[in-house]
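Q: Quick one: this structure, given as structure tokens, is what I'll be asking you about.
The values are calculated or read from the model by the stated rules, or taken from the named source; none is laboratory data. Quick caveat: nothing in here was measured; it's all calculated off a predicted structure. Cβ: placed from backbone, ideal geometry, glycine included. Neighbour counts: every protein chain shown.
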């Protein structure tokens, strides 16, 4: 087992990883930009290294400074968290070259999974159902339009190098295809430096349901159930829950088995997530696989009792999985709300500022994952996540009540600061959501209805 | 119990009052006794903190006990404002994380020694990071007053390396 780990991240995930390291008796090296000098993970760490100015490009994304920090402090492993370098194959490769264990899959696997077209091919070969779509990127706008006709509208145009909700456009009307194609390829070129796109069927009324998997170095893999992440705004998740109200136990088992099959087919190692869309008839289709721990991982932890970061570290240290599939049990219902420092009344504009008052809820089965503390600052340089509020209860009805209670206790005050907590509470009270009958366009409908327009 | 690898904060050439206030607040929070005096300056000068221990006023600079990380900053901030004269100091800081080398090769003469006058753009040291050598450049002219790190010492981003006084 490692004796010292460097956490190449910041905010809530850095603190969360540090906590498990502490429990495992592993020393923590925190790295921080100038903007994060006075943050909880830096205070908790055994060693802290200042690695750059606030801009992520020069700090949390600047590989040489992070590697040097690891070498200087004798860190045996690096945990990349999520975002930043967590799915950067170059970073994984450099770690390997420097003799530092990378908590995650190999650079080669990451490279495959970072290319949506390659991944779809691998998953298709593993027998996972895919949405009708192109396995190769389309060659031209005419090619794309022809494929769209073959696939059947509505379609979605997706950048090969995109992911996480970025670089995609839905086309419902064939007349709109050319404009959408040109717009998406131009944006993909500008943002990712890669203008290739592929085209697939767009499912109406689908749910985003992802499956958590764990794979070890000996080729063993298990799934830890699903997370329903259908409540999204502009493809950014707002609320996640487990179990999904759309899944029957049979569907859960089938999707879990498919996810493990797919992960093992790409030789995955560590904690990963296989994303599916599930239509109203209960058919599921592979979307993408994420090669990192996810923001919403606490939802799985609360219902399974398994510490995912602990498992990641054990696997990275070469240990085999500690559990067989039959030993994984699911209990109750968990919900997570991502509370962002954004103003819903101003188009969810981020509101950086000083946290004069920050009081978190507590109480039964109420968990807060946050990198912020009272007196600290919500920085304009990074994402606007203020805190993840997670609750568990024996069933969904009680979990909804518990989350509403918890969000009611949350107090955030500071000049110019706003949060999405009230928006979240409004969603929790929405009849469609409460009935579990929402789908992936729920937030759009919810916001349109709130404005008084037609749903 | 955080071991801060970073060196003390010196405002250096940046005189941000807001940053000084934030720093002072941070330091005051970590004091072992009630604060008596806080002095903030801008420009090239730093923060002075005075606090009471057992009713006796003690200046930061006089505390000899090895302090926890935050207090070290308080002590050093006062010391780091420079020797008690009216001279203006500029500190050349590390632009990246790496290992400091005082000379171009082992056994060669160091780039600079105390007393040398440097020109803007002059190399005052090297930083090795991932097998690549990077020059540490002085932005301004000045006389080398103090070399703050040892040869082959690992340094972090923004760590003070060389103090320059007026030429």
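Q: Restricting the search to segment A:196-211, which residues are farther than 19 Å from residue A:242 by Cα and either free of Cβ contacts under 8 Å to residues at least 24 places away in the same chain or assigned to a strand (DSSP E or B) (or both)?
A: Correct list: A:197, A:198, A:199, A:200, A:201.
Q: Within segment A:413-427, does at least one residue satisfy the condition of being in the same structural domain as residue A:232 (by TED's automatic domain parsing) and assigned to a strand (DSSP E or B)?
A: yes
Q: Please count how many residues of segment B:130-157 are within 14 Å of another protein chain (Cβ to nearest Cβ) and buried (at least 22 other Cβ atoms within 10 Å of the Cβ).
A: Qualifying residue count, segment B:130-157: 3.
Q: Under the condition of being surrounded by 18 or more Cβ atoms within 10 Å (Cβ to Cβ) and modelled with pLDDT of 75 or more, which residue from segment B:21-46 is nearest to the other protein chains (Cβ to nearest Cβ)?
A: Among them, the one singled out is B:23.
Q: Of the conditions (1) modelled with pLDDT of 95 or more; (2) closer than 19 Å to residue A:439 by Cα, residue A:263 fails just one. Which one is it?
A: Tallying (1) modelled with pLDDT of 95 or more; (2) closer than 19 Å to residue A:439 by Cα, residue A:263 fails exactly one: (2).
Q: Against the condition assigned to a helix (DSSP H, G or I), surrounded by 15 or more Cβ atoms within 10 Å (Cβ to Cβ) and more than 20 Å from the chain's Cα centre (by Cα), how does residue A:122 come out, does it pass?
A: So residue A:122 passes the test.
Q: For segment A:61-82, how many residues meet the condition of being within 12 Å of chain B (Cβ to nearest Cβ) and either within 23 Å of residue B:160 (Cβ to Cβ) or over 24 Å from the mean Cα position of the chain (by Cα) (or both)?
A: 12
Q: I would also like to ask the following. With a cut-off of at least 1 residues that are more than 29 Å from residue A:70 (Cβ to Cβ), name the strands (runs of 3 or more DSSP E) lying wholly within segment B:103-156.
A: Correct list: B:142-147.
Q: Could you say which residue among B:167, B:160 is within 14 Å of another protein chain (Cβ to nearest Cβ) and touching a strand residue (DSSP E or B) at 6+ places or on another chain (Cβ under 8 Å)?
A: B:160
Q: Here is a further query. Could you tell me how many of the residues in segment A:155-181 are surrounded by fewer than 16 Cβ atoms within 10 Å (Cβ to Cβ) and within 29 Å of the chain's Cα centre (by Cα)? Explain how you work it out, then say what you get.
A: Taking segment A:155-181 as the starting set, the residues that turn out to be surrounded by fewer than 16 Cβ atoms within 10 Å (Cβ to Cβ) are A:164-165, A:170, A:172-176, A:178-179.
Cutting the leftovers down to within 29 Å of the chain's Cα centre (by Cα) gives us A:164-165, A:170, A:172.
Within segment A:155-181, residues that are surrounded by fewer than 16 Cβ atoms within 10 Å (Cβ to Cβ) and within 29 Å of the chain's Cα centre (by Cα) number 4.
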